[in-house]
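What follows is a single structure, written as structure tokens, with notes after it.
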Amino acid sequence: MKTEINKIDKQNIDIKVIEKAADIIVVGGLVAFPTETVYGLGANALDENAVKSIFEAKGRPSDNPLIVHVADIEDVECLVREIPTKALLLMKKFWPGPLTIIMQKSKLIPDIITAGLDTVAVRMPSHPIAIELIRAAKKPVAAPSANISGRPSPTQAKHVIEDLFGKVDMIIDGGDSKIGLESTVIDVTCDPPLILRPGGITHDQLIEVLEDVKFDPGLSKSMDSKTKPRAPGMKYTHYSPKADMSIVDGQLEDIVKKINQLVETYMEKGLKVGVLATEQTKFGYKDGIVLSLGDRSKPETIASNLFKSLRELDEKNADIIFAESIEAVGVGLAIMNRMKKAAGYNIISA
Ligand code: TXA
Ligand code: MG
């Protein structure tokens, strides 16, 4: 398949490109586009065949449902049985933005989107290119992250090109995705509502609006646990770099000491060793390919660099990666959730 790549300046959107992309969606094609979280791979959510081609392009397991993206709160009505009061409160507070809300689906939603579940995930992104595209297509847009299944999610058009060139009709390059981690997923069909995937909108922000919100118990368990996560996607190995990755946990000083020892040991064996460090520690490493994820006092910076750095270490042919653990509070919780998956739950105590 021929893939057209178009660059758009998000401050000055070229409407002709948007219209062309929207036409592709209307006729059942695939368009990768930027959102504020990660790049999405979009198709008309109401067209079963188009949605099928998303699964094919990504190599995504068919039991993993997709998020439907809208451009206005009013567009949600026809997609769900009803909009629960709690959902409406969340939409008013956090949309457009990195929050996906699970509700009971309407008959309009094809089963392929929800992997046969009777609920549907809906999100209104805040990225101007995403919004313009959905508006121009006049369709709800199904869009998973625009990566090959299992790879780190794309935060730049370059990452999408690496994974999906030749498999989609158009890739819109709109620069870096600011947040860098996928949206928070909250299920409001249960009481209390459950966070199925931590993300940019934190538990603290959610309880300001809903008072009682819990985490899906399936989230805290490791992969071989019997408690299944409610979001089918959370059970898969994910975000994996090609290298073997481990997280090193403990006091910060001990972490640096331990990683230095590990780097030495593996370099002696002739392996290329990557280190995911932070601004606070990056000068403490003697050897290896050291990347700083960001500033520990500003976890948003770490979130925005994580996936990019995993791909960068792949490019540099790292054989093995050691990552410093991050404090799992606020956005840090989402960071550690993605890191643990990337590391296949390999954690070394310092
Ligand atoms: O930030 C994001 O959410 C990005 C951008 C492109 O919007 N999209 C994204 O989509 O991350 P994806 O497909 O990579 O992740 C969707 C997650 C999966 O874990 C999936 O299992 C879960 O949402 N999900 C979707 N529908 C669901 C449903 N009805 N019930 C439970 N979980 C659901
Ligand atoms: Mg994904």
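The values are calculated or read from the model by the stated rules, or taken from the named source; none is laboratory data. On a predicted model such as this, the values are computed, not experimentally measured, just so you know. Glycine gets a Cβ as well: all are built from the backbone with ideal geometry, and neighbour counts include every protein chain shown. When the accessible area is computed, the model is the full protein with side chains, heavy atoms only, and any ligands, DNA or RNA have been set aside. Shrake-Rupley method; radii C 1.70, N 1.55, O 1.52, S 1.80 Å.
For the stretch 83-190, trypsin sites (Lys or Arg not before Pro) meeting the loop criterion (DSSP other than H, G, I, E, B) and having at most 16 other Cβ atoms within 10 Å: Lys107, Lys138.
Accessible surface area normalised per residue over the stretch 4-220 is 39 Å², counting heavy atoms of protein chains with a 1.4 Å rolling probe.
3J(HN,Hα) along the stretch 104-110, derived from phi through the Karplus expression 6.51 cos²θ - 1.76 cosθ + 1.60 where θ = phi - 60°, amounts to 5, 7, 8, 5, 5, 7, x Hz, with x in place of Gly and Pro. Rounded, prolate or oblate, given the Cα gyration tensor of the stretch 1-122, with a/c below 1.5 counting as rounded? Note, shape of the stretch 1-122 comes out oblate. Beta-bridge orientation, the chain: approximately 35 percent antiparallel, per DSSP, counting only bridges with both partners inside. On a C-alpha basis, how far is the centre of the stretch 33-76 from the centre of the stretch 151-203 in Å? Whole number, if you could? Centre-to-centre (Cα) distance: 11 Å. The phi-based Karplus calculation (6.51 cos²θ - 1.76 cosθ + 1.60; θ = phi - 60°) puts the 3J(HN,Hα) values of the stretch 16-22 at 5, 5, 4, 5, 5, 5, 5 Hz, whole numbers, x for Gly and Pro. Using a 1.4 Å probe over the heavy atoms of the protein chains, calculate the carbon and sulfur portion of the accessible area of the chain as a whole percent. So the carbon and sulfur contribution to the accessible surface is 49 percent.
Sort the stretch 272-313 into rounded, prolate or oblate with this rule: let a ≥ b ≥ c be the square roots of the eigenvalues of the Cα gyration tensor; rounded if a/c is under 1.5, and if a/c is not under 1.5, prolate when a/b is larger than b/c, oblate otherwise. Note, shape of the stretch 272-313 comes out oblate. Solvent exposure of Phe215, expressed as accessible area, is near 80 Å², computed with a probe of 1.4 Å over the protein chains only. Between Ile67 and Ala143, the built amide H atoms are under 5 Å apart, and every one of these is 5 or more places off in sequence or on another chain. Residues whose amide H falls under 5 Å from that of Met245, counting only those 5 or more places apart or on a different chain, are Ile321, with hydrogens built in the peptide plane.
Counting only aspartates and glutamates at least 8 places from Lys258 when in the same chain, those with an alpha carbon closer than 20 Å to its own are Asp244, Asp249, Glu268, Glu279, Asp287, Asp319, Glu324, Glu327.
With a cut-off of 8 Å between alpha carbons and a minimum separation of six or more residues, what is the relative contact order of the stretch 76-235 in percent?
After rounding, I find 20 percent.
Viscosity 1.306 mPa s, temperature 10 °C: Stokes-Einstein D of the stretch 244-349 from its Kirkwood Cα radius, in µm² per second? Estimated diffusion coefficient is 118 µm²/s.
For the pairs Lys16/Lys167; Lys107/Lys308; Lys178/Lys282; Lys20/Lys178; Lys235/Lys269, note any where the Cα-Cα span goes beyond 27 Å. Over 27 Å Cα-Cα: Lys107/Lys308; Lys235/Lys269.
Over the chain, the fraction of Cα-Cα pairs per 20 Å bin, rounded to whole percents and listed from the shortest bin up, is 31, 57, 12, 0. Taking θ as phi - 60° and the Karplus parameters 6.51, -1.76 and 1.60, the scalar couplings of the stretch 127-142 work out to 5, x, 5, 4, 4, 4, 5, 5, 4, 5, 6, 6, 9, x, 10, 6 Hz in sequence order, x denoting glycine and proline. Computed from the C-beta positions of Asp254 and Phe215, the FRET efficiency with R₀ = 30 Å rounds to 0.60.
Distance from the Cα centroid of the stretch 126-150 to that of the stretch 311-329 is 28 Å (rounded to whole angstrom).
Each stretch of four or more DSSP H residues adds -39500 (n - 2.57); spread over every residue of the chain, this sum gives -9500 deg cm²/dmol at 222 nm.
Close amide H pairs (under 5 Å, H built 1.01 Å from N) link Leu30 with Asp169, Met170, residues at least 5 positions away or on another chain. With the Cα gyration tensor of the stretch 166-248 giving a ≥ b ≥ c as the square roots of its eigenvalues, does the rule (a/c under 1.5 for rounded; else a/b larger than b/c for prolate; else oblate) give rounded, prolate or oblate? It is oblate, given that a/c is not under 1.5 and a/b is not larger than b/c.
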